[in-house]
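The values are calculated or read from the model by the stated rules, or taken from the named source; none is laboratory data. Predicted model, so just to flag it, every value in this text is computed and none were measured. Here Cβ is always computed from backbone atoms with ideal geometry, including for glycine, and neighbour counts include all displayed protein chains.
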């Protein structure tokens, strides 16, 4: 949660990267508590068929595929780790069944943003 490992680099790059990671970790450790943004993804179990299209694009690696029994049959779905989720919406963008959405972000908002961008391009 403090940062990701990078590819092979020089000693000075590794030192700077290590100091940056330590700085991010120190910031987290120094606070007694932290507030998590309420903007996180949510899975609608009824719509999710377990296709797992959303797992790989998730930059936070917050989504896992799970299986459970429902009415005597094995049901596949995905589960979001709320602590890791950044609310970026990649899962909602890749879900063909509208099984994922981001709290506090409605599809109408996305349509309005796309229309605004297109109006700027066309104008």
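List the residue pairs whose Cβ atoms are under 8 Å apart, where the first residue sits in region 53-72 and is not assigned by TED's automatic domain parsing to the domain that holds residue 88 and part of a loop (DSSP other than H, G, I, E, B), the second is modelled with pLDDT of 90 or more and surrounded by 14 or more Cβ atoms within 10 Å (Cβ to Cβ), and the two are 6 or more positions apart or on different chains.
As it stands, the answer is none, since no pair meets every condition given.
Hey, any hits in region 13-26 for a residue that's surrounded by 12 or more Cβ atoms within 10 Å (Cβ to Cβ), at pLDDT 85 or above, under 17 Å from the mean Cα position of the chain (by Cα) and outside any loop (DSSP other than H, G, I, E, B)?
no
Could you list all residues from region 85-123 that are exposed (fewer than 14 other Cβ atoms within 10 Å of the Cβ), modelled with pLDDT of 85 or more and not in a helix (DSSP H, G or I)?
Answer for region 85-123, where residues must be exposed (fewer than 14 other Cβ atoms within 10 Å of the Cβ), modelled with pLDDT of 85 or more and not in a helix (DSSP H, G or I): 96, 97, 98.
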